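Here is the structure we will look at, set down as structure tokens.
Just so it is clear, none of the values below were taken in a lab; they were calculated from the coordinates. As the structure is a prediction and not an experimental result, all values here were calculated from the model. Counting neighbours? That spans all protein chains shown, and the Cβs are built from the backbone with ideal geometry, glycine included.
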Amino acid sequence: MSTESNYRKWWKEGVVYQIYPRSFQDSTGNGIGDLRGIINRLDYIKSLGVDIIWLNPIYESPNDDNGYDISDYRSILADFGLMKDFEELLDGLHQRGLKLVMDLVVNHCSDEHQWFKSSRSSRDSLHRDFYHWWPAEKGVPPKRWSYFDVASNAWQYDETTDAYYLHYFSVKQPDLNWENPALRKEIYDMMHFWFKKGVDGFRMDVISFLSKEKPYPQLPENYTPEQYISFYAKGPQLHNYLNEMHNEVLKHYDAMTVGEAPGVTLENALDFVDEDREELNMFFHFDLMGLDRAEGEVFKMNPNGWKLGEFKKVFSDWDAVFAKKGWGSLFLSNHDFPRTVSRWGNDTAEHWRNATTLLHTFLLTMRGTPYFYNGDEIGMTNIRFENIEEYRDINTINKYKQLQELGEDLQEFIEDQKEAGRDNARTPMQWSDDINAGFTTGTPWISVNENHRGKVSVKVQEEDQYSPLQYFRKMVSIRKEHIGLVYGQYELIDSNNEQVYAYLRSWNQDRFLVMLNFSTETLTYSLPKEINYNANKLIISNDRVRDDKTYKEFMLRPYQAVVYKLI
Ligand code: NOJ
């Protein structure tokens with residue numbers, strides 16, 4: 001391991017708070033969240049104790065995929081405000097000692113980007129090679145699967161030049177051709193533009209897909225979406241591009257980088273983040289996000305749910321990969337997945353509070369950089385829409401159309417989306433028990449969850465010292481006080497226990513014991529004999545703790561979380 005000063009980094013010690021601008025706070029009454037809304041909430045954000053803000057895309061976009069289809073990388077979407085609002089936001093964050101990480105979406109852009117308009121206009125266009133084209137005279141291109149296409153087909157025929165273009169996401173998100181050095185230079189210049197404005201880093205959208213194998217080989221007929229994803233993540237030039245990006249851009253700044261990396265596995269993890277390779281700082285893997293999904297599928301739930309033993313294994317295996325090199329990122333949800341407490345905890349009235357705070361405890365006592373999605377601090381839950389008309393997400397809407405065309409069971413799909421749908425995470429932030437949860441004075445672009453009238457709002461939780469919000473703040477400050485919770489070695493205890501997740505974190509002389517009861521039962525948990533200590537000091541718990549004189553047996557209530565320091 002490198003020397004301590006080299007090893008310690010702000011982006012390892014920081015807690016990240018992800019803001020989905022469209023749903024955070026509307027300041028104009030048009031029903032869409034905006035930058036001024038975030039500026040108005042800066043003191044709240046600071047009060048959480050977090051250090052780094054990741055903003056989902058705020059660039060100009062026709063919003064086919066809520067901003068992940070960018071039509072101008074250097075301007076701000078009018079719905080969100082102006083460049084001067086962005087600059088004020090950045091200043092406001094920096095004045096409060098917070099960093100800003102922007103979304104970098106460069107696997108694809110919008111079909112309304114000037115580059116694509118030019119590219120599709122003629123085979124001789126200057127920008128023709130900014131995209132992947134397959135001339136129709138060569139026949140139908142080799143099959144590629146697309147996430148959002150109604151026919152799941154990633155090639156779209158375009159009449160003007162009698163050719164197909166590649167789009168791993170929607171037809172309005174053509175993939176950029178990274179094999180073209182002129183395109184890469186444009187992207188690097190654009191990254192410099194944002195760094196010069198003062199941003200502190202980038203979260204890189206589907207970065208594992210950048211490099212494409214050419215000339216587009218045939219793939220097995222029966223490939224599942226999962227198999228396509230692994231193939232997409234193994235483009236032959238990927239690491240050359242990441243290294244080039246590091247040399248051309250990143251190394252000139254004290255930047256944080258986190259790649260979104262579907263298809264990346266434990267086996268090739270270090271190729272991205274081993275410091276000596278000079279590529280990325282961290283990435284998001286998808287092993288946890290796949291845990292409760294149906295076999296070979298990306299968005300469909302497995303009716304059998306998930307097992308705690310498998311959950312532990314994912315976190316333990318990934319911790320081990322980065323034990324000596326690289327660094328991990330920890331997340332339980334984001335704008336693409338259902339709500340944390342609904343998915344990994346329990347959102348019934350009886351267990352919601354403990355389950356929410358247990359999950360706060362978990363993420364904040366693991367090794368790696370923790371990422372919290374806005375609203376999770378107050379335990380926002382899945383909205384579980386009943387009708388397709390209520391959905392706004394292209395992913396849900398296009399899958400529905402696909403199933404409709406195939407004559408499949410649409411009700412079953414709606415039931416599945418109640419747990420799997422991305423819009424569960426995109427409902428407006430619940431600030432208060434007022435109309436529209438204080439998000440907007442107008443009509444919100446997507447419905448507000450009714451439970452803002454109960455316990456799930458910032459306002460109600462500010463007034464309750466036992467609320468998830470207050471617990472979140474306490475837990476963040478505990479992580480800050482104990483550097484061992486950031487860097488300490490992680491050791492899983494009792495891997496087969498299907499109710500309790502227990503582990504040790506050790507750093508120099510400090511040892512912490514974390515016990516999390518993921519079940520709805522009150523139980524007695526006995527520590528294995530090998531774990532030696534004579535006394536312990538309670539650091540935090542989300543429920544009443546029974547004093548234990550033997551220091552070996554613990555009573556854990558449903559979804560109780562306990563952190564001890566071992567003495
Ligand atoms: C991942 C983003 O997080 C998601 O929201 C988006 O739809 C796809 N990449 C395509 O950009």
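Worth a mention:
- Calculated diffusion of segment 489-566, Stokes-Einstein form, Kirkwood radius summed over Cα pairs, 25 °C and 0.890 mPa s, µm²/s: 194
- Taking the longest Cα principal axis of the chain as reference, the axis of helix 468-481 is set at about 80 degrees.
- Expected-Rg normalisation [2.2 N^0.38 Å, Cα atoms] applied to segment 203-284: 1.15
- Where only C-alpha atoms are counted, convex hull volume of segment 334-454 per residue in Å³: 115
- The distance from the alpha carbon centre of segment 481-510 to that of segment 440-472 is 32 Å, rounded to a whole number.
- If R0 equals 56 Å, the separation of the Cβ atoms of A78 and T550 corresponds to a calculated FRET efficiency of about 0.30.
- Gain in span if fully extended, K46 to D129, counting 0.36 nm per residue against the direct Cα distance: 25.4 nm
- The Rg/Rh ratio for segment 114-166, using Cα coordinates for both the radius of gyration and the Kirkwood hydrodynamic radius, is 0.98.
- Efficiency of FRET between N508 and N30 - r from beta-carbon atoms, R0 45 angstrom, step 0.05: 0.25
- In terms of Cα atoms, the Rg and Dmax of segment 298-340 work out to 12.9, 37 Å.
- Among 308-321, 194-207, the order from most to least packed when residues are scored by Cβ within 10 Å on average: 194-207, 308-321
- You can think of it this way: the chain between Q404 and A349 has 16.3 nm of extra reach, that is 0.36 nm per residue less the Cα-Cα gap.
- Each of the peptides 262-272, 17-27 was scored by the mean count of other Cβ atoms within 10 Å over its residues; in descending order, highest first, they stand as 17-27, 262-272.
- Under 14 Å from a label point set 7 Å out along the Cα-to-Cβ vector of Q218, the amide N atoms of segment 125-161 belong to 139-144.
- Potential lengthening between N247 and S118 on full extension [0.36 nm per residue; Cα-Cα distance subtracted]: 43.5 nm
- Among residues other than S432 with Cβ under 10 Å from its Cβ, the summed charge is -1 (Lys and Arg +1, Asp and Glu -1).
- Share of pairwise Cα separations in the chain, more than 46 Å, in percent: 12
- For L527, the shell of other residues with beta-carbons less than 13 Å away shows a net charge of -2, using +1 for Lys and Arg and -1 for Asp and Glu.
- Net charge, A78 excluded, C-beta distance under 15 Å - Lys, Arg +1, Asp, Glu -1: -3
- Vicinal HN-Hα couplings computed from phi for segment 412-423 (Karplus, 6.51 cos²θ - 1.76 cosθ + 1.60; Hz; Gly/Pro x): 4, 5, 4, 4, 5, 5, 4, 9, 9, x, 5, 5
- Convex hull (Cα only) mean projected area of segment 1-126, reported in nm² to one decimal: 10.9
- The Cα center of segment 152-215 and the Cα center of segment 59-85 differ in position by 16 Å.
- Pairwise Cα separations in segment 256-347 fall into 5 Å bins from 0 onward with the following percentages, short to long: 2, 12, 23, 24, 18, 12, 6, 2, 0.
- Cβ crowding within 10 Å, taken as a proxy for footprinting-reagent exposure, orders D129, D393 from fewest neighbours to most as D129, D393.
- Among the GluC sites (Glu not before Pro) in segment 131-214, those placed in a DSSP loop whose Cβ has at most 16 other Cβ atoms within 10 Å are E213.
- Our helix-only sum for the chain, with -39,500 (n - 2.57) per DSSP H run of n ≥ 4 divided by its residues, gives a mean residue ellipticity at 222 nm of -8000 deg cm²/dmol.
- Rel. contact order, % - alpha carbon contacts under 8 angstrom, at least six apart, segment 489-566: 34
- What the phi angles of segment 314-325 give under the Karplus curve with 6.51, -1.76 and 1.60, with θ = phi - 60°, is a coupling list of 4, 5, 6, 5, 6, 5, 5, 4, 9, 4, 10, 9 Hz, glycine and proline written as x.
- Acute angle (nearest 10 degrees) that the helix 83-95 long axis makes with the longest principal axis of the chain, alpha-carbon atoms: 20
- FRET efficiency for the pair Y7 and H94, taken as 1/(1 + (r/R0)^6) with r the Cβ-Cβ distance and R0 = 22 Å, rounds to 0.30.
- The C-alpha atoms of the chain define a longest principal axis, and helix 238-248 lies at about 90 degrees to it.
- Under the simplified labelling scheme, the A294-D464 pair shows an inter-label distance of 3.7 nm, with each label point 7 Å from Cα along Cα→Cβ.
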